[in-house]
Amino acid sequence: MDPATGERLENKYKYPRTALAWENDNAPLILPTPTDGLKKFPIGTTGLQFDITYRYRTGDSCIYTFTLENAKPKVKENISDEECFFQCKFKLFSEKGFSPLSDSQRITQDEDYQSNQLLYRNVRNYAIGHGCAADWDDSESVLWITTAIFPKYDIKPIVPSAIKGVSLDMLKMSPYGSFADTIRELRMMCAKYREWINGLRTIRQDLSTEYKITADRHITNCETCLSRMEKGVELLEQNENIRIAFQYMNLAMLMQQLHYNLPLQKWEDNGAGDISLVNPVSMPVVTDDSTWHNKEQRVYGKWRPFQLAFVLMNLRAMYDRDCNERGIVDLIWFPTGGGKTEAYLGLSAYTIFIRRLMNKDDKGTAILMRYTLRLLTAQQYERASAMICACDLIRKSHEDLFGKNRITIGLWVGSSTTPNKVSGAVKAYEKLYRGEGSNPFVILKCPWCGAQMGPVQKGKNQWELPGYRKVPLGRRKFGFAFRCRNHQCDFSTEDLPLFVVDESIYEETPTLLLGTVDKFAMLPFRPNAQKIFGYENGVKNTSPDLIIQDELHLISGPLGSMVGHYETLIHELCTTRTASGDIHPKIIASTATISRAKEQCHALYGCDQNDVFQFPPSGLDAGNSFFAEEKRNQNGRRYVGILATGS
């Protein structure tokens, strides 16, 4: 029978399946001693042989290798099918149980290794496969071990923790809420964290001696984190500018959530020579949750504790440019989907507002946000754009605080994604208007209202470009800008604060600049790019305060070597020389998977390994860091492997 078609095969080779089983006649196997070294057990007349090899002794346990060997004598030059065995497996039983394997043979035992030994001390490994995987009895006493050529392993989800009695509501922490209640909640969060750390000290007392030094280091890291959080709360309570920036950060983040999650509203030909929105959506009012879109199925305006804790840790560094914490590389280490982006977007909004409060005439680039993949950059640009739109509307309503210069965002990537020159953008616009070419402008919907942006067919051979605008500059010159066509949108009467063309970015110096790491390799060939770093004709007027590197784990190998070279240049360009000393930018990075983070940050940024801080810091168990915990009763990810040669 053909397994693919189900048809009967005539005059074809057939392979009758013959099952073989061997249980050693139910007799126990006598294990070899160091003197014997190796014992062989023939399996009947099958030609198979079961070998047991003594390896070494560790403590009270002995390490053995069990091997199933095809010992059939070779009778032909080429191996025939009759001499092969398929889907082989074996299973070992022990009445007394098996001992876990030791890592005593490992040569290097660095800080990461010691941390993992502590965090996963209750996870044991009982066998290592050679040409197969190994599986064993999932109980307290392991009574059997078996080979596996189709192994699977379930990893339970690590989810952000909630803190009882602490809501961390963005609206309540904004200017519309009670500042006293905000301080009370933040102090309660810190107090709960302190209680958890005290619990770690109790657990530490019962640990084996081999784990105590590492446990002390973990507890110290947690105390450092708590201290920075508490200092952030104190600054928030004592410093008016920090309070104002923090409150408007909360407002901006809530507005960003409400507008970024609006559905795409498409335009279509209305038959009257124009286009109309198919299903227009009303704009949300930030103080009226009855206007919030799809609020029954989505949670709006709630910080996860780790997100706000991360912001609190860095309130001082973004305000006091001379503080020691400015030189610490903070690494957000959290599983994918846990909310890392929201954490550093919140810090970005705070940085923008505190910078304007200290100098409301500032119009330079405040934040560099970098990625490695251009597609990822375009996706993140849409989300960050909603936050920047919120910040700019807040600025417009409070020019006395934040000045008249617009808060803007730029996308700085290769020409294969966006045009590098304004003239190229205008030509691309004209082509799209004629229904020709592909759309290079990345922005396909308004980040504020969700209205479609880009080519919309009107009639047979006519096109409209809602959201895209060719701007007359005089003397037959034109520029390019984004302006929403939806009359309900706040950006229907003025341009959106978005830039995607390189020349416009150099001229406008966006407040927040997103780019790919490879784009910075163009700096020596683009003199105008000096404006991004606050230089005007070689004179430095301002400088970026914050550098954000997302997906840090992707910057490794050859790419990491290249990026490391340019980091020296970028760090120097972002440094401001003053009479009292140099002012360096704050660096934060985020990742979901990384090992040896301190070594990598040292190699990339030239920082001391002691100046790399992983957040949230680990506790004493892998499944609980206070800010995140493992949910054992929920489905997570299942990893499945297959070894074809072993099947």
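The values are calculated or read from the model by the stated rules, or taken from the named source; none is laboratory data. In this text, all values refer to a predicted model and were calculated from it rather than measured experimentally. Neighbour counts run over all protein chains shown; Cβ positions are idealised from the backbone, glycine included.
Based on what the data block shows, is P34 closer than 25 Å to A148 by Cβ and either assigned to a loop (DSSP other than H, G, I, E, B) or not assigned by TED's automatic domain parsing to the domain that holds A127 (or both)? Quick ask: steps written out before the conclusion?
Values: closer than 25 Å to A148 by Cβ: no; either assigned to a loop (DSSP other than H, G, I, E, B) or not assigned by TED's automatic domain parsing to the domain that holds A127 (or both): yes.
For P34, the condition - closer than 25 Å to A148 by Cβ and either assigned to a loop (DSSP other than H, G, I, E, B) or not assigned by TED's automatic domain parsing to the domain that holds A127 (or both) - is not met.
Would you check if there is a residue in region 559-568 being of a type in the set (A, V, I, L, M), under 30 Å from D322 (Cβ atoms), buried (at least 21 other Cβ atoms within 10 Å of the Cβ) and in contact (Cβ under 8 Å) with a residue 24 or more places away in the chain? The answer is yes, given that some residue of region 559-568 is of a type in the set (A, V, I, L, M), under 30 Å from D322 (Cβ atoms), buried (at least 21 other Cβ atoms within 10 Å of the Cβ) and in contact (Cβ under 8 Å) with a residue 24 or more places away in the chain. Here is the figure for region 582-606: residues that are closer than 21 Å to L315 by Cα and not basic (K, R) total 8.
When residues in region 486-500 are screened for being crowded, with 19+ Cβ neighbours inside 10 Å and in contact with a strand residue (DSSP E or B) (Cβ under 6 Å, 6 or more places away or on another chain), 5 of them pass.
With respect to T147, determine if the residue is more than 30 Å from C62 (Cα to Cα) and outside any loop (DSSP other than H, G, I, E, B). Answer is no for this residue. If you go through region 320-332 and keep only what is surrounded by 21 or more Cβ atoms within 10 Å (Cβ to Cβ), under 17 Å from G232 (Cα atoms) and not β-branched (V, I, T), you end up with just D330. The condition of being of a type in the set (S, T, N, Q) and more than 32 Å from the chain's Cα centre (by Cα) does not hold for N420. When each of E210, E185 is tested for being within 12 Å of V233 (Cβ to Cβ) and part of a helix (DSSP H, G or I), the lone residue that passes is E185. So, K445, is that one among the basic types (K, R) and either crowded, with 20+ Cβ neighbours inside 10 Å or closer than 18 Å to H259 by Cβ (or both) or not? Taking the combined requirement at face value, the residue satisfies it.
Looking across region 220-241 at every residue that is within 21 Å of F179 (Cα to Cα) and charged (D, E, K, R), the one that is surrounded by the most Cβ atoms within 10 Å (Cβ to Cβ) is identified as R228. Considered as a group, the residues in region 125-160 that are under 32 Å from the mean Cα position of the chain (by Cα), buried (at least 18 other Cβ atoms within 10 Å of the Cβ) and not aliphatic (A, V, I, L, M) include one that is nearest to F66 (Cα to Cα), and that residue is D135. Just checking, does region 398-405 include any residue being surrounded by 18 or more Cβ atoms within 10 Å (Cβ to Cβ), out of contact with any strand residue (DSSP E or B) (no Cβ under 9 Å at 6 or more places or on another chain) and more than 28 Å from R476 (Cα to Cα)? Yes: region 398-405 contains one or more residues that are surrounded by 18 or more Cβ atoms within 10 Å (Cβ to Cβ), out of contact with any strand residue (DSSP E or B) (no Cβ under 9 Å at 6 or more places or on another chain) and more than 28 Å from R476 (Cα to Cα). Taking the criterion of being closer than 13 Å to C601 by Cα, in a helix (DSSP H, G or I) and of a type in the set (S, T, N, Q), the residues of region 515-573 that qualify are S561, T568.
Filter region 370-420 down to the residues that are among the aliphatic types (A, V, I, L, M) and in a loop (DSSP other than H, G, I, E, B) and list them by number.
Within region 370-420, L373, I407, V413 meet the criteria.
Would you confirm, using the coordinates I've provided, whether D582 is over 30 Å from the mean Cα position of the chain (by Cα), more than 19 Å from E503 (Cα to Cα) and among the acidic types (D, E)? Criteria met by D582. In region 333-387, which residues are surrounded by fewer than 22 Cβ atoms within 10 Å (Cβ to Cβ), of a type in the set (S, T, N, Q) and touching a strand residue (DSSP E or B) at 6+ places or on another chain (Cβ under 7 Å)? Those that are surrounded by fewer than 22 Cβ atoms within 10 Å (Cβ to Cβ), of a type in the set (S, T, N, Q) and touching a strand residue (DSSP E or B) at 6+ places or on another chain (Cβ under 7 Å): T372, Q380. Look through R316, R304 and report the one residue that is under 30 Å from A579 (Cα atoms) and touching a residue at least 60 places away in the same chain (Cβ under 8 Å). Just one listed residue meets the conditions, R316.
Taking the numbered list (1) closer than 26 Å to F613 by Cα; (2) over 24 Å from the mean Cα position of the chain (by Cα); (3) buried (at least 16 other Cβ atoms within 10 Å of the Cβ) in turn, S590 passes all entries but (2). Of all residues in region 203-219, exactly one satisfies the criterion of being polar (S, T, N, Q) and surrounded by 12 or more Cβ atoms within 10 Å (Cβ to Cβ), namely T214.
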